[in-house]
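**Student:** Below you will find the structure I want to go over with you.
The values are calculated or read from the model by the stated rules, or taken from the named source; none is laboratory data. All values derive from a computational prediction rather than experimental measurement. As a convention, Cβ positions derive from the backbone with ideal geometry for all residues, glycine included, and neighbour counts pool all protein chains shown.
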Amino acid sequence: MIIVITGPTAVGKTKLSLILSAKIPNCYIVSVDSRQVYKFMDIGTDKVSKVIRREIPHYLIDITYPDKEFSLFDFLDKSKKIVDFAIRNKKNLIFVGGTILYILSLIEGYSLLPTDPHVRLKYERMKSEDLKDLLIGVDKKFNTNFSQIYKDRRRMIRILEVVEITNTSPIDLWKKKQRFPIDFTFILTNNREKIYQDISNRVDRQIKEGLIDEVKFILKRFPDSRNFKSMKTYGYSELMEYIDGNNDLETAISLIKRNTKRFAKRQLSFIKKIPADVINLQDFDNEFNRVSEYICQKLK
């Protein structure tokens with residue numbers, strides 16, 4: 001059995017997954033978080049402790065370094081191998097996390113489009129107008145129409161990257177969607193004000209636990225880390241600005257809270273569109289054991 005648990009940040013997804021994994025036999029947990037894959041980024045991504053991970057097997061945590069890129073392709077490729085392993089060995093999986101693109105690919109299916117950092121870098125160095133001209137050429141070659149994304153630099157680069165690697169129309173590749181055998185999807189949510197308050201509390205806790213020292217360690221270990229894609233995320237980017245003397249600590253903490261709440265707002269908007277069983281914690285008086293019992297009844 002494979003289930004997905006998603007929802008906004010700080011709502012309690014990880015807590016619920018740990019309770020559930022104790023009630024579901026032969027159960028492994030798979031992180032659906034684009035930052036928990038990185039070693040050393042522990043406090044800021046709110047990873048499950050190594051002690052718990054020794055007790056309950058977790059996948060896709062601490063599998064690469066901050067100086068490496070981890071793409072949707074990587075997530076899908078590794079998730080497929082995990083699912084195949086679980087099916088062969090009759091294991092149950094809980095995919096848990098809130099990275100929107102990853103969640104969508106799990107639920108709605110995916111096209112495993114190849115990626116090559118060297119090819120992508122070539123296009124990233126080009127001007128947007130030049131990218132547009134190349135994309136117009138792709139349109140003519142494959143009789144497609146990408147005119148609606150001529151202003152979206154990131155998507156133009158991705159299409160050109162795929163075309164160069166495969167010499168195939170991306171549209172033809174996108175049509176060949178594969179699907180994970182997901183049995184149940186649960187969305188965990190709560191009152192927005194409660195989520196925002198929990199975010200503020202979590203940021204305060206992370207600062208007390210040593211998030212500033214964690215960022216300093218990464219900056220020392222990887223001198224170029226200010227340019228890493230992995231570090232351009234809330235918690236890390238704001239504290240790098242503080243460490244570089246561009247703002248004070250109070251401002252940095254305030255910005256982390258603001259940016260995290262904005263991210264949660266985007267997540268809340270997104271999950272409304274997912275066909276899933278929505279679990280509002282208010283209906284369970286924020287009692288996670290009751291929520292786990294409700295889910296177990298659904299699974300039966």
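**Student:** Can you say whether Ser292 is out of contact with any Ser or Thr (no Cβ under 7 Å at 6 or more places or on another chain) and either outside the structural domain of Ile24 (by TED's automatic domain parsing) or under 27 Å from Leu106 (Cα atoms) (or both), as far as the supplied structure shows?
**Tutor:** Values: out of contact with any Ser or Thr (no Cβ under 7 Å at 6 or more places or on another chain): yes; either outside the structural domain of Ile24 (by TED's automatic domain parsing) or under 27 Å from Leu106 (Cα atoms) (or both): yes.
In short, yes.
**Student:** Against the definition (modelled with pLDDT of 95 or more, closer than 30 Å to Asn26 by Cβ and among the basic types (Lys, Arg)), how does Lys81 come out, yes or no? Give the derivation first.
**Tutor:** On the way: modelled with pLDDT of 95 or more: yes; closer than 30 Å to Asn26 by Cβ: yes; among the basic types (Lys, Arg): yes.
Spelling it out, Lys81 is indeed modelled with pLDDT of 95 or more, closer than 30 Å to Asn26 by Cβ and among the basic types (Lys, Arg).
**Student:** Looking only at segment 83-111, count how many residues are under 12 Å from Lys177 (Cα atoms), surrounded by 15 or more Cβ atoms within 10 Å (Cβ to Cβ) and touching a residue at least 60 places away in the same chain (Cβ under 8 Å).
**Tutor:** Kept after step one, since they are under 12 Å from Lys177 (Cα atoms), are these residues of segment 83-111: 105-111.
Checking the rest, the ones that are also surrounded by 15 or more Cβ atoms within 10 Å (Cβ to Cβ) come to 105-107, 110-111.
Now narrow it down to the ones that are touching a residue at least 60 places away in the same chain (Cβ under 8 Å): 106-107, 110-111.
Looking only at that region, the number is 4.
**Student:** Hey, which of the helices (runs of 4 or more DSSP H) in segment 59-145, taking only ones fully inside, have at least 3 residues that are within 27 Å of Met41 (Cα to Cα)? Break it down into steps so the answer makes sense when it comes.
**Tutor:** Working: elements: 72-88, 100-108, 117-124, 128-142.
So the answer is 72-88, 100-108, 117-124.
**Student:** Among the residues of segment 140-155, is any loosely packed, with under 15 Cβ neighbours inside 10 Å, among the acidic types (Asp, Glu), under 24 Å from Lys81 (Cα atoms) and under 24 Å from the mean Cα position of the chain (by Cα)?
**Tutor:** No, every residue in segment 140-155 fails to be loosely packed, with under 15 Cβ neighbours inside 10 Å, among the acidic types (Asp, Glu), under 24 Å from Lys81 (Cα atoms) and under 24 Å from the mean Cα position of the chain (by Cα).
**Student:** If you don't mind, another one. Could you please find all residues in segment 89-132 being more than 22 Å from the chain's Cα centre (by Cα) and closer than 20 Å to Glu69 by Cβ?
**Tutor:** Narrowing segment 89-132 to residues more than 22 Å from the chain's Cα centre (by Cα): 89-91, 118-119, 121-132.
His118, Val119, Leu121, Lys122, Tyr123, Glu124, Arg125, Met126, Leu131 - these are the residues of segment 89-132 that are more than 22 Å from the chain's Cα centre (by Cα) and closer than 20 Å to Glu69 by Cβ.
**Student:** Pairs please, first residue from segment 233-249 and touching a residue at least 60 places away in the same chain (Cβ under 8 Å), second anywhere and in a loop (DSSP other than H, G, I, E, B), Cβ atoms under 6 Å, 6+ apart in sequence or on different chains.
**Tutor:** Thr233/Arg35; Gly235/Gly44; Tyr236/Gly44
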